[in-house]
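The block underneath contains the structure these notes are about, expressed in structure tokens.
What follows draws every value from the coordinates through simple rules; no lab data is involved. All of these numbers come straight from a predicted model, not from anything done at the bench. Virtual Cβ from ideal backbone geometry, glycine too; neighbours counted across all protein chains shown.
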Amino acid sequence: MRQVAVGKLYDHFRERLEFEWLCGERTAAIVARHEGVFPADLIGHLSYIHADRVQVLGAEEVRWVAQEAGTTAGAYLEPVFSARPPAFIVADGCPPPQTVRDYAAANGVAVIVTPKSAAMVIEHIRNYLMRELAQTMSAHGVFMDVLGLGALITGDSGVGKSELALELISRGHGLVADDIVEIALVGPDLLEGRCPQLLRDFLEVRGLGVLNVRTVFGETACRRKMKLQLVVYLQKPTPGIPEATRLPLEHETVNMLGVQIRKVIIPVAAGRNLAVLVETAVRTTILKMRGIDSTLEFIDRQQQALNADDLD
């Protein structure tokens, strides 16, 4: 069960959204109770159907509550507050209706006011919750920005992942994370990789020790996060394990948090320029995403040649 405290949410947006705390418990939690819940569903306009989410009141909702201050508004608000939503956010610079104040005080529900529009509040908080409450996993490897595409370089210990990363950095690409990569499901079929705070900007290379990549190569050599779109597996020649297919007709994938990510296997051998191979793998991946596959193009051309020979 993933959760974030309302007090933490308030502190994060206090200046950006000009939040003002009126009442309620700072320790109340915004909770994603099961894996099928997307964090974006945990905030929205006033609704008794989704009573347990963060309730946002814009000018229209405030006007309705004020007009129906008697039985109608009370009948609507009572089940909402009974579900103990984490917070009520009154937007558009509107003063919170007295009915809302009374129910909030009686149920210990936080009330926050802001001059920003309800749409802006919902958009900002949804993006925040998508990252704070996302399903996560850790992966071992080096995560790089190669030609604008997030590539996770994996393989057995000692295969040369860090040395390859150093070569890619020297060629102008960017480091996201070394050794431990935090991967988060931030949207449907969308994975984001980032580095733990402790390891940020550092790369460990055998013989050189720990390097601060930002200090050695400059600000442009590091990235805070990237969308994960490719896994590159460096394969040592091992007896009993077949080598990678020379002409794969279908791209391999690996499942991460329910998302299928393209996978490329690159055999490691003396004299192979792995940096060039990774760059080329990224370029071909980008082309395949656009519907261009060189292998299939070659097979089609070969088939056309065979058909032409048959006609002769």
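What's the longest uninterrupted piece of the chain once you rule out the trypsin sites (Lys or Arg not before Pro) that are loop residues per DSSP with at most 15 other Cβ within 10 Å? Write out the running numbers ahead of the final one.
Details: sites that count: ARG14, ARG16, ARG26, ARG33, ARG171, ARG206, ARG224, ARG246, ARG272, ARG290.
Maximal segment without exposed cleavage sites: 34-170.
Would you please classify the overall shape of the chain from the alpha carbon gyration tensor, given that a ≥ b ≥ c denote the square roots of the eigenvalues, rounded means a/c under 1.5, and beyond that prolate means a/b larger than b/c while oblate covers the rest? Walk me through the intermediate numbers first.
On the way: a/c = 3.25, a/b = 2.12, b/c = 1.53.
Cα axes put the chain in the prolate bin.
Pick out which of LEU198, LEU274, LEU152 has the largest mean-square fluctuation in a Gaussian network model of the chain, springs linking Cα atoms closer than 10 Å.
LEU198
According to the square roots a ≥ b ≥ c of the eigenvalues of the Cα gyration tensor, what is the shape class of segment 10-65, taking rounded for a/c under 1.5, prolate for a/b larger than b/c otherwise, and oblate for the remainder? Numbers along the way, then the final one.
On the way: a/c = 1.84, a/b = 1.14, b/c = 1.62.
Oblate, because a/c is 1.5 or more while a/b does not exceed b/c.
With angles folded into 0 to 90 degrees, how steeply does helix 71-82 sit against the dominant principal axis of the chain? Use alpha carbons for both and round to 10.
50 degrees
Apply the a/c threshold of 1.5 to the C-alpha gyration tensor of segment 158-237 and tell me whether it is rounded, prolate or oblate. The partial results should precede the final answer.
Values: a/c = 1.83, a/b = 1.28, b/c = 1.43.
Oblate is the answer for segment 158-237, as a/c is 1.5 or above yet b/c matches or exceeds a/b.
Build a GNM of the chain with springs between Cα atoms under 10 Å: which of GLU132, GLU297, GLU61 gets the top mean-square fluctuation?
GLU297
Rounded to the nearest 0.05, what FRET efficiency do ARG171 and ARG224 have when you use their Cβ-Cβ distance and R0 = 30 Å?
On the way: r = 20 Å, r/R0 = 0.68.
Using R0 = 30 Å, I get an efficiency of 0.90.
Can you list the lysines whose alpha carbon is less than 21 Å from that of LYS288, not counting same-chain residues fewer than 8 positions off?
LYS227, LYS263
Specify the inter-centroid distance of segment 295-309 and segment 53-99, based on alpha-carbon positions, in whole Å.
Centre-to-centre (Cα) distance: 67 Å.
Give, in nm to one decimal, the length gained when the segment between LEU198 and ARG26 is fully stretched (0.36 nm per residue of separation minus the Cα-Cα distance).
On the way: separation 172, 0.36 × 172 = 61.92 nm, distance 2.80 nm.
The LEU198-ARG26 span can extend by a further 59.1 nm.
Can you list residues whose amide H is under 5 Å from VAL231's amide H, if they're 5+ apart or on another chain and H is modeled 1.01 Å from N?
Residues meeting the criterion, in which the H sits 1.01 Å from N, are LEU152, ARG262, LYS263, VAL264.
Using 7 Å Cα-to-Cβ label points, what is the SER47/LEU208 separation (nm, one decimal)?
Calculated label separation equals 5.1 nm.
What percent antiparallel are the DSSP beta bridges of the chain, to the nearest 5? Don't jump to the answer; show the numbers that get you there.
Values: 40 of 63 bridges.
Antiparallel bridges make up about 65 percent of those DSSP assigns within the chain.
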